[in-house]
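Only the coordinates and a few stated rules stand behind these numbers; no lab work does. If you're wondering where the values come from, they're calculated on a predicted model, not measured in any experiment. Here Cβ is always computed from backbone atoms with ideal geometry, including for glycine, and neighbour counts include all displayed protein chains.
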Amino acid sequence: MRLEGIHHVTAVTGDAPQNVDFYTRVLGLRLVKKTVNQDDPTVYHLFYADEEGSPGSDITFFEYPGLPRGQAGAGMVHTVAFRVGSEEALSFWVHRLGDEGIDSELDGLRLRFDDPEGMGLELAVVEAADEPLIASHPDIPAELALQGFDGVRAYATEPEASRPFLEEALAFESAGGSAWVIRGEERGSFYAYDEPPAERGRSGAGTVHHVAWSSPMDEHEAWRERVAQAGGRPTPVIDRFYFRSIYFREPSGVLFEIATLGPGFTADEPLESLGESLSLPPAYEPLRERLEHVLTPLPDARPART
């Protein structure tokens, strides 16, 4: 069994309108699902992805309005990396981000910057056979657009403590140093550690909550068993309606999820109108009237698109 790279990355925001504006208008992703945190349905769970809402491109956010900024530390992901297709694309993004007043740092074939709440982002030119996962945007040519995840970087005090678990339980392959890759039949991603800052990490706006890895539906229970046998203490399988999930912490403290490749976001909305209305899994539908009054009003993320 091999995991199909990153399924999604979930982070936290204190300002959903700003978040929608940045990830849709500036970065050009599509808001493909406007739903609620199923563990706390009074707050949003927003999903941004390619035009199809494909696993491998989803960056998602829980909104806790007014939440102070956090700080990534040991046991937390600090940078989320997306792929782009060329050096020309990196040049395009340097100028586009600069026009928005966003500082960026170019290091070879990688461009580093922060989102409005300080979460680390990176665009990387990577040679990969993976299908580019692209969203349509009138101001961003398809050949210059984000193409899905490349990987994530986390902080770890003792990264070697995670090696046996990553390599034996999850079948990650060493990429040298404190870096690994995982590649399935269709997609792959990297996972890497850096030395943590002296300051202790704290959750808050602009921090990553968890990283989810992709599993075919028919292998999901087997992955849970492998994680359990390796001492990962996974949760029971949880039906998230759009996919099924298990959660556990890897030895360095980062919260992992293994999520299924399906059923997908068209389970309750047609593809052409994904993300335009509040979607609630059936168990939460009786709460709709109440939730529509407490959730933050959001800007319309679709009219600027082709």
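Annotations
- Segment 112-183: GluC sites (Glu not before Pro) in DSSP loop, at most 12 other beta carbons within 10 Å: Glu127
- Mean separation of Cα contacts under 8 Å (6+ apart) over length of segment 101-242, as relative contact order %: 18
- By DSSP, the beta bridges lying fully in segment 185-306 are antiparallel in about 60 percent of cases.
- Beta bridge orientation in the chain: antiparallel %, DSSP, nearest 5: 65
- Relative contact order %, the chain, counting alpha carbon pairs below 8 Å whose residues are six or more apart: 27
- Normalised by residue number, the volume inside the convex hull of the Cα atoms of segment 6-294 is 131 Å³ per residue.
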